[in-house]
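K.L.:
Okay, handing you the structure first.
The values are calculated or read from the model by the stated rules, or taken from the named source; none is laboratory data. The shown structure was predicted, so the numbers you read here are calculated from the model rather than taken from an experiment. Ligands, DNA and RNA are excluded from the accessible area calculation, which covers all protein heavy atoms including side chains. Shrake-Rupley method; radii C 1.70, N 1.55, O 1.52, S 1.80 Å.
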Amino acid sequence: MAVFSRLMWRRAASARNFCTKSTTADRHLVSSPLSSALPVDNNTGKGRNVQWVFLGCPGVGKGTYAARLSKLLGVPHIATGDLVRHELSSSGPLSSQLAEIVNQGQLISDEIIIDLLSKRLQEAHTKGETGFILDGFPRTVRQAEILEGVTDIDLVINLKLREEALIAKCLGRRICSECNGNYNVACIDIKGEDGTPRMYMPPLLPPPQCESKLITRSDDNEEVVKERLRVYSELSRPVEDFYRLRGKLLEFDLPGGIPESWTKLLHALNLDDHEDKRTAAA
Ligand SMILES: Nc1ncnc2c1ncn2[C@@H]1O[C@H](COP(=O)(O)OP(=O)(O)O)[C@@H](O)[C@H]1O
């Protein structure tokens, strides 16, 4: 791509108040992850919408928890993996180029991903959306630096799960080709050992109307999943350090299946009493 998309991103961001840089005083409100669940705009004293990022290995459940939190907090859930898959399903010129990269378990270039993300942000602006929960971005330190250059991130939630569970979860993942619902047919039951507790994650089965329409992502096979995990360790793990150094990283070890993990995650985010939580989690 000839023109680096950062300028495009910056233009899109500043045009919409979606990613405005906040003041230093504003920033201190979000310096401690645990105290920053719901940020306050320092100028108005009123709550503003969150600007959060989800990090974590492939299969950890970023999409599941990011989607739930976005519903709970009324902000868009922007998953770069979904943007990539949308592009893959089109017949555009980029599609075959991306398919090759994604199906090898590699990351697509920062330029292309930022271009896709800029378009999604533009769409958010048109719809009047504010705040966001990013899932799958940033995935390299360079992406994190670019993001830092255009907006303040309040909080980065780093989801963690044992590697054996990650592989099983990726292999069990199914998507409804009609409604795009995410399900998982894997039943994960890992014995506790050397002081670690047993981990049980029941399958997340689709409703009857989706059963015959389930598809598996082309990059969810064992060889590619292992490569994605390797790429995560090499290129995305340093992003954790990037945010850890800035005091923005909230580490969250998933204790088990969705009901148990969701309740504990809300607690870790100081959101247990959020009034809409029950309906949002439905
Ligand atoms: N921020 C990004 N930078 C580069 N490539 C990305 C990014 N986000 C998504 N992708 C590409 O899309 C694929 C699918 O992304 P995603 O659904 O987030 O997968 P995962 O389950 O591995 O977290 C990635 O393997 C990668 O090829």
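K.L.:
For a 19 Å ceiling on Cα separation, which of these pairs sit above it: 160/191; 169/191; 71/213? The partial results should precede the final answer.
P.N.:
Details: 160/191 17 Å; 169/191 16 Å; 71/213 25 Å.
Check vs 19 Å cut-off fails for 71/213.
K.L.:
Next up: Heavy atoms only, probe 1.4 Å: what % of the accessible area of the range 117-267 goes to carbon and sulfur, would you let me know?
P.N.:
Details: 3860 of 7390 Å².
Carbon with sulfur: 52 percent of the solvent-accessible area.
K.L.:
Taking a cut-off of 13 Å between Cα atoms, list the aspartates and glutamates near residue 226, but don't count ones fewer than 8 places away on the same chain.
P.N.:
Within the straight-line cut-off, residue 226 pairs with 163, 164, 234.
K.L.:
Relative to the compact-globule scaling 2.2 N^0.38 Å, provide the ratio for the alpha-carbon radius of gyration of the range 166-281.
P.N.:
Details: Rg = 16.9 Å, N = 116, 2.2 N^0.38 = 13.4 Å.
Normalised Rg, Cα atoms only: 1.26.
K.L.:
Taking square-rooted eigenvalues a ≥ b ≥ c of the alpha carbon gyration tensor, is the range 143-186 rounded, prolate or oblate, where a/c under 1.5 means rounded and, failing that, a/b exceeding b/c means prolate? Don't jump to the answer; show the numbers that get you there.
P.N.:
Working: a/c = 3.50, a/b = 1.75, b/c = 2.00.
Cα axes put the range 143-186 in the oblate bin.
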